[in-house]
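Reviewing the structure listed below.
Rule-based calculations on the coordinates, nothing more; no lab input. Note that the structure is predicted; figures quoted are calculated from it, not measured. Here the Cβ is made from the backbone with ideal geometry for all residues, glycine too, and neighbour counts use every protein chain on show.
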Amino acid sequence: MGAVPVIVDPGMGIARMLNCLAESKAQALVGIPQAHVLRVLAPRFFKSVSVVVTVGSRWFWGGTTLRQVRQTQWEPYPMADTRADEIAAVLFTTGSTGPAKGVIYTHGIFDAQVRNIQAEFDISSDDIDLPTFPLFALFDPALGMTAIIPDMDPTQPARVNPEKIIEAIGNHGVTNMFASPALLNRVGRYGQEKGIKLPTLKRVITAGARQTRRSSNGLAAC
């Protein structure tokens, strides 16, 4: 469509998230009921929003629901003629090392990332991906992969239910998986304990900092 999505990590906390939303000056908000409750209770952070869509039940606010959008007549529309230097998305950092910052991604950046990821990992349209970080699911259509969205809270990967991850892989023949070290540690330990094999999974990609734990001698990396 040519619209610019603003991606905010809810794990940063409500106060930081509200500041990010106000800074982005978004014109549309698509969210679950709790997000719209926040919009109503803290209107000064949403002054620029004029289009609202509720994913789920609409309570005491206006706007459209996702169900109503799906019931409208399907019509083709011309794809936006975007340029390489045009803004494609704004991604906010978590703010763990200071104020959350909005990072601008252009269409050229995304195009280069998709091409390099596909070449580096030899990804094909036959691959089925399990992205445990929601933002990475956006790459799957561009890479030609089928995305299987896992049943988990993405803000707490270290507390994931390993059975649900393993079930998703087995039921859908997942071949590719992206996950944080914390999630892989939990799922891997469970699989090792139960003697579980995942024959369809041929590629696991991970990124993130190591966890640390406090011991009697100070901090230890793990």
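A few comments on the model shown:
- Unit charges on C-beta of K, R, D, E only; dipole of the chain, Debye: 980 debye
- Anisotropy class of segment 6-108 from Cα gyration tensor, a/c 1.5 cut: oblate
- Loop sites by DSSP among the chymotrypsin sites (Phe, Trp or Tyr not before Pro) of the chain, restricted to those with at most 14 other Cβ atoms within 10 angstrom, leave 75-222 as the longest stretch without any of them.
- Between GLN68 and ILE149, the C-beta separation translates, for a Förster distance of 22 Å, into a calculated FRET efficiency of about 0.45.
- Packing-based exposure ordering (other Cβ within 10 Å, fewest first) of ASP111, ASP129: ASP111, ASP129
- Distance from segment 73-148 to segment 159-197 (C-alpha centre basis), Å: 24 Å
- Cross-link partners of LYS47 among aspartates and glutamates (Cα-Cα below 16 Å; sequence separation of 8 or more within a chain): GLU23
- Dipole of the chain computed with +1 at Lys/Arg Cβ and -1 at Asp/Glu Cβ about the Cα centre; of ALA80, MET17, VAL52, farthest Cα towards the positive end is MET17.
- Classified by the C-alpha gyration tensor, segment 51-157 has a rounded form. Its axis ratio a/c, with a ≥ b ≥ c, is below 1.5.
- Partners for LYS194 among lysines (Cα-Cα distance below 22 Å; same-chain residues under 8 apart left out): LYS164, LYS202
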